[in-house]
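For reference, the structure is listed below as structure tokens.
The values are calculated or read from the model by the stated rules, or taken from the named source; none is laboratory data. From a predicted model like this one, the values you see are computed outputs, not experimental measurements. Methodologically, a virtual Cβ is constructed for each residue, glycine included, from the backbone with ideal geometry; neighbour enumeration extends over all protein chains shown.
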Ligand code: CP
């Protein structure tokens, strides 16, 4: 979370956005769902996308957004491209054939904006907390830079989730006094392996900034990054949002309007994949079922996808009328259009 020199139209972290910028991007996304979303607003622009990790929604929303708005997308990833090193001053005698500093120089030389996905390494908690690959890119990239999920944050998913909440509740209590605050529960979920904290931290930031009463429920030992929590809680408080943290899942679900499930790894096992996998498998009762949703107040289910059925959530919840997971995925496209327009200085 250090200072960087990338252009201000970049989107590095959702907590770096002012409230005006957050609301502006969401307003633009709403407009870009309509006819403006297929106007040639970005004709002549090139966007370079580097995905260091797998993706379905992010890749397709970037491709579709560029296609709809007339921009050209260049994309690269390890496999079709080289394996990349990001640490400074290392002797590159392993699998990585190219350093990201050189790669980013190539990308910026051929494009008007760069978009990067670089997940947490999950070896060293302190290293991941510094979001090192995104920070390196921010230092090396003179073009607007979009974070397509980094170690600590997934700002595009946060914006999409906020858009879905506004749709579902008919507005945002952060903007309209008449809109009631809702009980939005972010519930840790089991998994087969430890996952990064970017998405739950992004979701918390979105719910708080939207002015809701947010409950973070997780088993002991699964604390999120304290600095991020402090930051998003403070931003949320400016918009009327509140944050409560609990280990009591049943109490958290009682009266919930939204149950957002997400798995992440235990802090004590950071860097130990086997122990981390054992820890995330050891709490199967946290899997979301219809009975869990029934504890809520007409509760809807949210998850960013991809999701493992029967591990994170039961299939009937995913298929059920209370599931918003497809709306969340669909919202990624107008959000991507909005952040691309903003990055490239176009007012949609
Ligand atoms: N939710 C999300 O970012 O999906 P992908 O990892 O498939 O892009």
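Assorted remarks:
- Any chance residue 293 is buried (at least 19 other Cβ atoms within 10 Å of the Cβ) and under 25 Å from residue 169 (Cα atoms): yes
A quick yes/no check of all residues on (1) at pLDDT below 95; (2) closer than 16 Å to residue 249 by Cβ; (3) in the same structural domain as residue 195 (by TED's automatic domain parsing):
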{"site": "271", "(1), (2), (3)": "yes, no, yes"}
{"site": "282", "(1), (2), (3)": "yes, yes, yes"}
{"site": "288", "(1), (2), (3)": "no, yes, yes"}
{"site": "294", "(1), (2), (3)": "no, yes, yes"}
{"site": "308", "(1), (2), (3)": "no, no, yes"}
{"site": "318", "(1), (2), (3)": "no, no, yes"}
{"site": "321", "(1), (2), (3)": "no, no, yes"}
{"site": "324", "(1), (2), (3)": "no, no, yes"}
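- Among the candidates 21, 71, 96, the residue that is away from the ligand (no atom under 16 Å from the Cβ), in the same structural domain as residue 337 (by TED's automatic domain parsing) and surrounded by 17 or more Cβ atoms within 10 Å (Cβ to Cβ) is uniquely 71.
- Residue 83 satisfies every condition listed in (1) farther than 26 Å from residue 303 by Cβ; (2) modelled with pLDDT of 95 or more; (3) surrounded by fewer than 15 Cβ atoms within 10 Å (Cβ to Cβ) except (2).
- Residue 54 being within 16 Å of the ligand (Cβ to nearest atom), surrounded by 16 or more Cβ atoms within 10 Å (Cβ to Cβ) and without any contact (Cβ under 8 Å) to a residue 60 or more places away in the chain: no
- Once the range 99-146 is narrowed to residues that are part of a loop (DSSP other than H, G, I, E, B) and under 17 Å from residue 199 (Cα atoms), the residue that is nearest to the ligand (Cβ to nearest atom) is 119.
- Qualifying position, being surrounded by fewer than 24 Cβ atoms within 10 Å (Cβ to Cβ), in a helix (DSSP H, G or I) and in contact with a strand residue (DSSP E or B) (Cβ under 8 Å, 6 or more places away or on another chain), among 168, 156: 168
- When residues of the range 189-226 are limited to those that are closer than 17 Å to residue 306 by Cβ and in contact with a strand residue (DSSP E or B) (Cβ under 7 Å, 6 or more places away or on another chain), the one surrounded by the fewest Cβ atoms within 10 Å (Cβ to Cβ): 199
- Odd one out for residue 137, checked against (1) within 28 Å of residue 74 (Cβ to Cβ); (2) within 13 Å of the chain's Cα centre (by Cα); (3) surrounded by 24 or more Cβ atoms within 10 Å (Cβ to Cβ): (2)
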